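Working notes, beginning with the structure itself.
Any read-out appearing in this document is the output of simple, stated calculations on the displayed coordinates, not a laboratory observation. Note that the structure is a prediction, hence the values are computed from the model and not measured. In this analysis, Cβ positions are derived from the backbone assuming ideal geometry, glycine residues included, and neighbour counts consider all displayed protein chains.
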Amino acid sequence: MKPLCFLARLLCFFLLSACSQQPPAEVSAVPSAPPPPPGSIDRTDSTCRAELRRAHADAQRGQLTYFLFRRARYADDLDTFLRRYGLRFRYNPMNCTLEDLCYAHYMDSVIARGHGPAFLDRLKQKADQRFLSAWPTRNYWYWDLDVPPRGRVEDVEAYVTAHLPRPRGWDTRPELGLFGELAERQYLFATLTVDRTGQLGSIRFPADRPGNVKATNRRFLPAIQREIRRLIRTAGPWQAGQLAGHAVSATLYVDVTLNPEQMPRTPDARNNQ
């Protein structure tokens, strides 16, 4: 019996050794996360899987980011509240390419686990309340208001475009694109601010939105800008914008088309000084 016992023990020893030396199970390349709602992300897509891996790595480093892919008037206030919890914020309401969608889904899952499933919704409500309560001192963008500021004319952009004369020497030749098509229209952006009392404030041409003017016509920009300012002032008197029943200060964009076919052909001496 002793040889049999010895053989049995030896067999158990080899079996246990083999089991203990098995390689660990392969870890999935896609980090675990709650299953997404139907149609939200495609975990079989290589780009999506790469975003999930990147999100997992950032989460491991404690770098959590909340993404908002739709327009929200309270975005700046939400950013302020998220920072108090050590969370980053990315606001991209024009995400046509769906970039970072899988990354954002993973981050939402991690944030919900750490702060609770209703955390983000509560924070958004709080941010919107702050947005509304700031009306006595905040200057808003007109697209966030219930009623934007209004002048004497209903459409300020059309009014300025229709009354802006073409300077003498304006290059009327059509500019062609790479393949012979007509290039983008010529235009300028202006901003104007109307305060809570309906007073017209500053009229500016923002450097970050310079518009599009042909190189041969750029020498006329100072004169054209002076004329645009004059026309905006004549579009008053102005009424303040409205938000939640309050008169508020707000800024408007005015998109002025400079295409020759949409500009009056009568020269104006004011633009030639």
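At 37 °C and 0.692 mPa s, grab the translational diffusion coefficient of the range 152-259 from Stokes-Einstein with a Kirkwood Rh over Cα pairs, rounded to a whole number in µm² per second. Don't jump to the answer; show the numbers that get you there.
Details: Rh = 15.2 Å.
Translational D for this selection: 215 µm²/s.
Across the range 118-125, computed HN-Hα scalar couplings (Karplus, 6.51 cos²θ - 1.76 cosθ + 1.60, θ = phi - 60°) run 9, 4, 5, 5, 5, 5, 5, 4 Hz from first to last residue, x flagging Gly and Pro.
Cβ neighbours within 10 Å, averaged per peptide: list 197-207, 157-167 in order, most packed at the top. Walk me through the numbers on the way to the answer.
Details: 197-207: 13.2, 157-167: 18.6.
My ranking of the peptides, most packed first, is 157-167, 197-207.
Show me the ranking of peptides 245-258, 109-122 by mean Cβ neighbours inside 10 Å, starting with the highest.
Numbers: 245-258: 19.1, 109-122: 14.2.
Packing proxy ranking, top to bottom: 245-258, 109-122.
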